[in-house]
Amino acid sequence: MKKYLLLSVLFLSIISCRASELTDDYIDIAAGYCISGNYSEALGYLNRVLRLEPANSKAIRLKNTLERVTNPKFFTYEFNPAKSYLGLAAKQFENKDYSGSILSVNNYLKHYPKSDFAYALRAKSRFMTADYTGAETDIAAALALNNDISYRLIEAKIAYQRGNFRSAKQKFEALAKDVQTSEIYKYIGLCDYAMKNYTGAALNFDKAIILSYDDKMLEDKYNEAVKKAEDENKNN
């Protein structure tokens, strides 16, 4: 529900006053993070815009909406013992109690077996416990119910962790057509690196660095990929 509210604000904001090219880029990046559910990164880019243009109306409206919908008091729910399992599962996941989160989702799905969010949450919990087979099954169930872009991101990460680098790269590249974030390009670079396509890896790590804050790991991977690409060229 949060995501749909955010999207409605995003599309209404597009028709408002024209900002500079740089701030427009930052707002587009923030929009991409909103779509993928990474609200903290979205707020970071909106704050960048407001430092450059404190009166930017698009950034102000989107930031205000983002802060409201990420406030736990924004939504009120009628108490339902079965529904409470899902809220508990989400809180357990937040607290890194992944096994507890899985058990709570199991209880929730007994009552609501068609909940795409529940399957996706269990997929994330299983992913964090390295149960990639279970995570893959759950995210497939979530996607069958709702082809949500955030679920597709989880699916791509699972493919990467299972060592299916070619498939993972295809999934991340499909995501990049709609959302350009540092995380997506980082994973494309990691897939290239795993497949020994060091030139491609360097290019994608470079894109990830451009879209990120100061990220030492990305810079290190970029330098490693450049060095390996140079070594390959010398040997050919």
All-but-one check, residue 147 against (1) in the same structural domain as residue 105 (by TED's automatic domain parsing); (2) modelled with pLDDT of 95 or more, failing number (2)
Among helices (runs of 4 or more DSSP H) entirely inside segment 121-236, those with 1 or more residues being of a type in the set (Asp, Glu) and over 29 Å from residue 44 (Cβ atoms) are 132-145, 216-235
The number of residues in segment 38-93 that are modelled with pLDDT under 80, in a helix (DSSP H, G or I), surrounded by 17 or more Cβ atoms within 10 Å (Cβ to Cβ) and of a type in the set (S, T, N, Q) is 1
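If a residue must be within 21 Å of residue 190 (Cα to Cα) and touching a residue at least 24 places away in the same chain (Cβ under 8 Å), how many such residues does segment 134-162 contain?
If we filter segment 134-162 for residues that are within 21 Å of residue 190 (Cα to Cα), which is where we start, we get 135-136, 149-162.
Applying the additional criterion that residues be touching a residue at least 24 places away in the same chain (Cβ under 8 Å) yields 136, 149-151, 153-154, 156-158, 160-162.
Qualifying residue count, segment 134-162: 12.
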Fill in: Condition met for residue 115 (under 19 Å from residue 84 (Cβ atoms), surrounded by 23 or more Cβ atoms within 10 Å (Cβ to Cβ) and not hydrophobic (A, V, I, L, M, F, W, C))
no
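The values are calculated or read from the model by the stated rules, or taken from the named source; none is laboratory data. Quantities reported herein were computed from a predicted structural model and do not represent experimental measurements. Please note: Cβ atoms are built from the backbone with ideal geometry, for glycine as well, and neighbour counts cover all protein chains shown.
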